[in-house]
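The next block holds one structure in the form of structure tokens; read it before the comments.
Quick note: the coordinates plus some simple rules give every number you see, no bench work behind them. Computed from a predicted model, the values in this text were never measured in an experiment. Here the Cβ is made from the backbone with ideal geometry for all residues, glycine too, and neighbour counts use every protein chain on show.
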Amino acid sequence: SSGINAEYGGRSGGCQKGKGGSMHMYTETLFGGNGIVGAQVPVGAGIAFGHKFKGDGKVCIALYGDGAANQGQVFEAYNLAALFKVPCLFTCENNHYGMGTSAERAAANPNYYTRGDAVPGIKMDGMNILAVREFTRAVTDWMRAGNGPVVAEVETYRYYGHSMSDPGTSYRTRDEVQEVRKTKDPITMVKAMMIEAELATEAELKELDGECRKIIDDATKFARESPELETHEMFNTIYTDMDGSRIRGSDSMTYGIHSP
């Protein structure tokens, strides 16, 4: 969480040294987002193809929203993934409003799990943590057995606007948001299940909540104290095996030296 918070702020302590921001975060198993809507979907299909080619038993989960589900490249990815039977779980996180337009107004067919044609699809409750866990376990096992890709529609909801400029109330009512918070919030639901099953007490869960808040506070503090990116870093991590090479900047008069 510290690396993510620092990345949001463009700080050198970020997981990409502040160069990626919210759209381009990478780790060994997370291949980032994308500045082009839906462009991560064919990337996911390619990663899954790589897993099949290497025979390493791994799968790729390509996440996209209901707003991106109408992009043409999504359907191209479905087609190629089906042809090559790659282990890719195409997961549409349906929050019902995309950036601010309801699914019913944006899509002629808002049943996103049915859009895979030759790719089997399934719809599930994304607000139920246990359902998500069991679904993911079953589907990834099925894909690892060589059965090819799956399209999943994970029904969910966002309480806030799409971005800082979106109040989130121009296309829905505050009462609707509060109703979902009250009846379907996944954290509230799992807390209730744990107490009912006597897996934890209210006091233990309250203590855990405090620990989580401390983790976020510490990550925020780390991000604020992390220094801004130094200028020479702008020329690094552009190419591999290019250490010591001159890298051109934004104009013909600006150059820097590529270093690790």
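A Cβ-based charge dipole, computed about the Cα centre of the chain with Lys and Arg at +1 and Asp and Glu at -1, lands at about 540 debye.
Pairs of Lys residues in the chain are counted when their Cα atoms are under 21 angstrom apart and they lie 8 or more places apart or on different chains; the count is 13. Rounded to the nearest 500, the 222 nm mean residue ellipticity of the chain from helices alone is -12000 deg cm²/dmol, with -39,500 (n - 2.57) taken per DSSP H run of at least 4 residues.
With both labels modelled 7 Å from their Cα along Cα-to-Cβ, the F84 to Y255 distance reads 3.9 nm. Charge dipole (Cα centre; +1 on Lys/Arg Cβ, -1 on Asp/Glu Cβ; no other charges) of segment 82-138 amounts to roughly 120 debye. Highest average first, the peptides 44-56, 243-255 ordered by how many other beta carbon atoms sit within 10 Å of their residues are 44-56, 243-255. What is the distance in Å between the Cα centroid of segment 206-260 and that of segment 1-75? Cα centres, segment 206-260 to segment 1-75: 18 Å.
In segment 1-129, the inverse of the mean reciprocal separation of distinct Cα atoms equals 15.9 Å; this is its Kirkwood hydrodynamic radius. Whole percent per 10 Å bin, from 0 to the bin with the longest distance: what is P(r) over all C-alpha pairs of segment 207-260? Calculated P(r), rounded to whole percents: 22, 28, 18, 19, 11, 2. Using a simple spin-label model with pseudo-atoms 7 Å out from Cα toward Cβ, A138 and K123 lie 1.6 nm apart. For Y171 and M23, the difference between the fully extended length at 0.36 nm per residue and the C-alpha to C-alpha distance is 50.8 nm. Pair-distance distribution of segment 144-260: all C-alpha pairs, bin width 5 Å, starting at 0; shares per bin in whole percent are 2, 8, 9, 8, 9, 11, 12, 12, 11, 9, 7, 3, 1, 0. Taking amide H as placed 1.01 Å from N in the peptide plane, the amide H of I61 sits under 5 Å from that of L89, each at least 5 places away or on another chain. Once the gyration tensor of the Cα atoms in segment 51-195 is diagonalised, the equivalent ellipsoid follows with semi-axes of 29, 20, 11 Å, ordered largest first.
Below 8 Å between Cα atoms, with a sequence gap of 6+, how large is the relative contact order for segment 43-92 in percent? Across segment 43-92, relative contact order equals 53 percent. Shown here: log10 I(q)/I(0) by the Debye sum over Cα atoms at q = 0.08, 0.09, 0.15 Å⁻¹, derived from the displayed model; of the candidates (1) -0.29, -0.37, -1.15; (2) -0.34, -0.43, -1.16; (3) -0.44, -0.55, -1.31, it corresponds to (3).
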